[in-house]
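Read through the structure below, which is laid out as structure tokens, and then see the notes.
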Amino acid sequence: MKIINKLGKVLLLFLIPFIALVSIIFVLALRSDFSGEVPEEEVCLPLPGFNFNDLEGISSRNLYERFPYQQYLDSANYCDILAIQQDLAKLDSLFPENKIIKPEGFSVNQEIIVNALTTKLEERMGTSVKPDLDSLIRQMQWAEKFNAYSQFTSTNLPFYQSIYGFWMNHITNALDSYGEINRSITYNFKFKYLLTRCQEKGYYVTVKETKIEKIIFYINGEEWLYLFNKFWYSTGPSFKVSMVLLALLFVLPYFILVRIYFIKNL
């Protein structure tokens with residue numbers, strides 16, 4: 001009986017790390033979202049549009065400083081790229097001297113629209129401490145429209161690309177911030193989706209996964225074949241031997257427990 005009690009204590013020491021590992025994986029699985037669902041792209045709702053008569057009394061020289069940006073964002077159809085084109089054309093017709101392209105690649109009228117749809121819109125949205133991945137996905141869906149339009153124009157290429165680039169940087173910065181505040185969000189499917197889309201377009205997030213985190217993620221996703229192939233083809237003999245010994249270390253206590261059970265019942 002004394003031998004059995006000693007063996008029981010030894011087995012308990014072996015089981016504690018295993019139980020801790022399983023508990024960590026279970027908690028991370030509960031806190032992660034693996035649903036694979038992405039919000040649909042929002043439909044542009046019809047708005048009355050900005051009343052350009054409100055610009056009366058503003059000269060072309062101080063138009064950039066005195067432009068009513070918040071009023072514009074309240075009424076303009078900035079969800080619709082065609083409506084933005086019409087707004088730019090309207091500015092060009094009212095202030096033709098401001099439509100000359102400067103060496104920086106923009107006209108003053110283009111800078112006004114860009115400023116409204118980037119810095120002023122970001123200020124209007126404010127900063128959210130609580131992660132909102134759905135909003136980031138919709139922002140990306142909207143920003144990608146500008147990237148698509150830039151492929152079919154040469155005169156307005158910097159105009160569209162500056163808006164697109166601003167919001168892609170905004171999204172990557174938000175992902176960086178979310179990952180620092182809450183590490184577990186990096187296992188979220190929507191976070192992974194945004195991360196992949198940003199990398200696809202050349203915008204990179206600094207949040208990196210450790211090897212253990214990657215293993216846990218693939219275990220949660222039940223990617224057993226991928227893990228086996230990675231283990232078999234991407235690791236050296238010493239690592240394989242170490243993993244086999246570690247597996248035996250976890251399996252051996254159960255084998256000993258079975259032997260003890262049969263000895264006690266003989």
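If we only count helices (runs of 4 or more DSSP H) wholly inside the stretch 103-170, which ones have 2 or more residues that are surrounded by 14 or more Cβ atoms within 10 Å (Cβ to Cβ) and touching a helix residue (DSSP H, G or I) at 6+ places or on another chain (Cβ under 6 Å)?
Values: elements: 108-115, 121-125, 133-150.
Because the criterion is at least 2 residues that are surrounded by 14 or more Cβ atoms within 10 Å (Cβ to Cβ) and touching a helix residue (DSSP H, G or I) at 6+ places or on another chain (Cβ under 6 Å), the helices (runs of 4 or more DSSP H) in the stretch 103-170 that meet it are 108-115, 133-150.
So if I check each of 35, 60, 93, which one is at negative phi, loosely packed, with under 12 Cβ neighbours inside 10 Å and modelled with pLDDT of 90 or more?
On the way: 35 fails: modelled with pLDDT of 90 or more; 60 fails: loosely packed, with under 12 Cβ neighbours inside 10 Å.
Going through 35, 60, 93 in turn, the sole match is 93.
Mind checking whether some residue in the stretch 176-190 is closer than 24 Å to residue 44 by Cα and of a type in the set (A, V, I, L, M, F, W, C)? Even if it seems obvious, please write down each step before you answer.
Narrowing the stretch 176-190 to residues closer than 24 Å to residue 44 by Cα: 190.
Applying the additional criterion that residues be of a type in the set (A, V, I, L, M, F, W, C) yields none.
Taking every residue of the stretch 176-190 in turn, none turns out to be closer than 24 Å to residue 44 by Cα and of a type in the set (A, V, I, L, M, F, W, C).
Please state which one of 124, 138 is basic (Lys, Arg) and farther than 19 Å from residue 39 by Cα.
Numbers: 138 fails: farther than 19 Å from residue 39 by Cα.
Sole residue among the options that is basic (Lys, Arg) and farther than 19 Å from residue 39 by Cα: 124.
State the number of residues belonging to the stretch 187-205 that are surrounded by 16 or more Cβ atoms within 10 Å (Cβ to Cβ) and polar (S, T, N, Q).
So the answer is 1.
What is the number of the single condition among (1) at pLDDT 60 or above; (2) in contact with a helix residue (DSSP H, G or I) (Cβ under 9 Å, 6 or more places away or on another chain); (3) outside any loop (DSSP other than H, G, I, E, B) that residue 53 does not meet?
Single failed check for residue 53: (2).
Which one of 67, 95, 159, 50 is within 27 Å of residue 198 (Cβ to Cβ) and not β-branched (Val, Ile, Thr)?
On the way: 67 fails: within 27 Å of residue 198 (Cβ to Cβ); 95 fails: within 27 Å of residue 198 (Cβ to Cβ); 50 fails: within 27 Å of residue 198 (Cβ to Cβ).
Checking each option against the conditions leaves just 159.
Could you tell me whether residue 59 is assigned to a loop (DSSP other than H, G, I, E, B) and free of Cβ contacts under 8 Å to residues at least 12 places away in the same chain? Give the steps one after another, and end with the answer.
Values: assigned to a loop (DSSP other than H, G, I, E, B): yes; free of Cβ contacts under 8 Å to residues at least 12 places away in the same chain: yes.
Considered against the rule, which asks whether it is assigned to a loop (DSSP other than H, G, I, E, B) and free of Cβ contacts under 8 Å to residues at least 12 places away in the same chain, residue 59 comes out as yes.
The values are calculated or read from the model by the stated rules, or taken from the named source; none is laboratory data. Predicted model, so just to flag it, every value in this text is computed and none were measured. Counting neighbours? That spans all protein chains shown, and the Cβs are built from the backbone with ideal geometry, glycine included.
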